[in-house]
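A short reminder: the numbers here are calculations on the coordinates, not readings from a lab. Values in this document were obtained by computation on a predicted structure and should not be read as measured data. Glycine gets a Cβ as well: all are built from the backbone with ideal geometry, and neighbour counts include every protein chain shown.
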Amino acid sequence: MNRVSTRLDSFISERESILRSLGPDLVPFIDFSRQFLSGGKRFRAQFALLGFGTQNAAIPDYAIDVASALEIFHAAALVHDDIMDKSDTRRGAPSAHRKFETVHGSAHWAGSSADFGTSAALLFGDLLLAFSDELIASGLLESPDKKAAHRSRKEFDRMRLDVTAGQYLDIVEERAWPSIDKLDALPRAHRVVVYKSAKYSVEAPLVIGAALAGASDQHLTTLRAFGLPLGIAFQLRDDLLGVFGDPSVTGKPAGDDLREGKRTVLIALAQRALAASDVSQMDDLLGNPRLSGGEIAHLRDMLVVSGAVDQIEALITEQVSVARSALSGSGFSVATAAELLALADGVTQRAH
């Protein structure tokens, strides 16, 4: 991960002179790029390099480029996600569109700071997407195995399709719920988990890295069987943290997912168990950006009393068990399997 951080720093520095040559107004793009790429858990880079490491003990620079490109893509996705969710913070600091609002306000420019912030952040996210594509192309070009590089690129492209589709499905669920039968809400929420997060966060990075290293079809199948359930467990934990997480640890306001009206598996499970009057009350509260502390506490109580929280914890345990069993007879070294299992514990037992 130190090599990934170093590569990200050098890549942004290489682009800095280009942006500065276009004018001083572009300096925020450089500053914000560094800020957004300096933190985070780097799970996607870790999984990509673990995937590569299932085939090769040494990690060459071109594999670091590919892993770093995944981190830039993730930063872009977060920028766009925060715009759609109208989130004020990211990792304990202002989200990108709020940062650009400050640029506008402090300069006393014409028009709305909020409109400028949204437009600038959209372009900033697009720039990060371009950076990601540029860096992965550079890494793949350096790979000595062109067939493996092509296969890795195809997996990267499919990941981008899946997560974009999954993000759209997520915003659909936030708005389409009045016309959806409550019995259909759970499979629809699960679909969002799979495509917005599970494949993108764990399965795809593992396979991208392994394919780059020339993994066999059998090994790629094993990594998919390991990565998908682990990715589901990862997102289910994230859903719990979005409601019950400590803001000082998560870097997001308490109950942020409730204010945003996220129609998660947690919510779907609760609404299957609650009385109709409680479901109606929950529907009235979800998605209100001005929820009071008392209203958030009430919603949390409903989720606990319904048994949904316990069900989510049971699902996480079940999915991790499925992931672990996928490694049995995988043919991976003991050390590699141990690293995969250790990261599996890290992504599902985390507090942020």
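Largest GNM mean-square fluctuation across Leu161, Leu269, Leu258, computed for the chain with C-alpha springs under 10 Å, falls on Leu161. Estimated from the Cβ-Cβ distance and a Förster radius of 30 angstrom, the FRET efficiency linking Asp181 and Arg158 is about 0.45. Per-residue extension of 0.36 nm, minus the Cα-Cα distance of Asp345 and Phe244, leaves a gain of 34.4 nm for this segment. For the range 100-152, the calculated P(r), taken from all Cα-Cα distances in 5 Å bins from zero up to the bin holding the longest distance, is 5, 19, 16, 11, 10, 9, 8, 7, 7, 6, 2 percent. If you take the alpha carbon atoms of the range 252-300 and fit the smallest convex hull around them, that volume is 68 Å³ per residue. A Förster radius of 22 Å combined with the Cβ-Cβ distance from Val334 to Asp217 puts the calculated FRET efficiency at roughly 0.45.
For the range 146-352, the normalised intensity computed at q = 0.14, 0.18 Å⁻¹ comes to -0.85, -1.23 (log10 of I(q)/I(0), Debye sum over alpha carbons, equal scatterers, no solvent). Using only Cα coordinates, the Kirkwood hydrodynamic radius of the range 1-144 works out to 16.0 Å. Net length available on complete extension from Asp115 to Arg34 is 26.8 nm, with 0.36 nm assigned per residue and the Cα-Cα distance removed. Largest GNM mean-square fluctuation among Ser325, Ser95, Ser112, using the chain with Cα springs under 10 Å: Ser112.
Adding -39500 (n - 2.57) for every DSSP H run of four residues or longer, then dividing by how many residues the chain holds, sets the calculated 222 nm ellipticity at -24500 deg cm²/dmol. Pairs over the 29 Å Cα-Cα cut-off, from the set Lys99/Lys154; Lys196/Lys252; Lys154/Lys262; Lys99/Lys182; Lys154/Lys182; Lys41/Lys182: Lys99/Lys154; Lys154/Lys262; Lys99/Lys182; Lys154/Lys182; Lys41/Lys182. With a Förster radius of 35 Å applied to the C-beta separation of Asp283 and Tyr168, the computed FRET efficiency comes to 0.95.
Spatial offset of the range 302-352 relative to the range 141-203 amounts to 20 Å, using the alpha carbon center of each. Using a simple spin-label model with pseudo-atoms 7 Å out from Cα toward Cβ, Leu141 and Asp126 lie 2.4 nm apart. In the elastic network of the chain, a GNM with C-alpha springs shorter than 10 Å, the most mobile of Gly329, Gly92, Gly53 is Gly329.
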